[in-house]
1. Using only Cα positions of the chain, each an equal point scatterer, no hydration layer, compute I(q)/I(0) via Debye at q = 0.14, 0.22 Å⁻¹ and quote the log10 values to two decimals.
2. If I fit a long axis through the Cα atoms of helix 50-83 and take the longest principal axis of the Cα atoms of the chain, what angle between them do I get, 0 to 90°, rounded to 10?
3. Against the 2.2 N^0.38 Å scaling, with N counting residues, where does the range 1-42 land? I'd like the Cα-based Rg ratio to two decimal places.
4. Grab the DSSP H runs of the chain that are 4 residues or longer, score each as -39,500 (n - 2.57), total them, divide by all residues and round the 222 nm result to the nearest 500 deg cm²/dmol.
5. Using 0.36 nm per residue of separation minus the Cα-Cα distance, give me the extension gain between Ala17 and Glu52 in nm, one decimal.
6. Taking Rh as the Kirkwood radius computed over C-alpha pairs, what is the Stokes-Einstein D of the range 40-84 at 10 °C in a medium of viscosity 1.306 mPa s, expressed in µm² per second?
7. Hey, what angle do you get for helix 3-35 against the long axis of the chain, alpha-carbon based, 0 to 90 degrees rounded to 10?
Amino acid sequence: MKASKIAYKPVGMAVGALGGVLAGAIFKQAWKRIAHEEDAPDATDELRSWREVLTAALVQGAIFAVVKAAVDRGGATAVRRVTGTWPG
């Protein structure tokens with residue numbers, strides 16, 4: 001395994017954790033605007049419909065995927081700027 005790839009692992013994990021926090025905050029705000037509610041429904045909330053639960057999951061998954069891709073790509077780009085090599 002390349003040294004740059006090994007060195008990137010802890011950086012990638014830290015950046016990924018921050019990305020998760022960011023994605024969670026974005027989803028919370030998005031859900032407030034979409035559903036006009038504070039919290040998204042839990043999958044086991046029997047008072048919520050299938051549509052509500054699955055819509056929340058779809059929106060949350062999409063937001064997390066986009067934020068993860070952006071954070072991973074940004075981190076890899078930053079590593080290349082610093083080290084001159086792509087970490088992947």
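Each reported figure results from applying straightforward, stated rules to the coordinates on display, with no laboratory input. Every value quoted in this text rests on a predicted model; they were computed, and no experiment measured them.
1. Log10 I(q)/I(0), no solvent term: -0.60, -0.97.
2. 10 degrees
3. Here the answer is 1.77, to two decimals.
4. Counting only the DSSP helices, I get -28000 deg cm²/dmol.
5. Numbers: separation 35, 0.36 × 35 = 12.60 nm, distance 2.73 nm.
Contour length minus Cα-Cα distance gives 9.9 nm.
6. Stokes-Einstein gives a translational diffusion coefficient of 126 µm²/s.
7. Relative to the chain, helix 3-35 is tipped by roughly 20 degrees.
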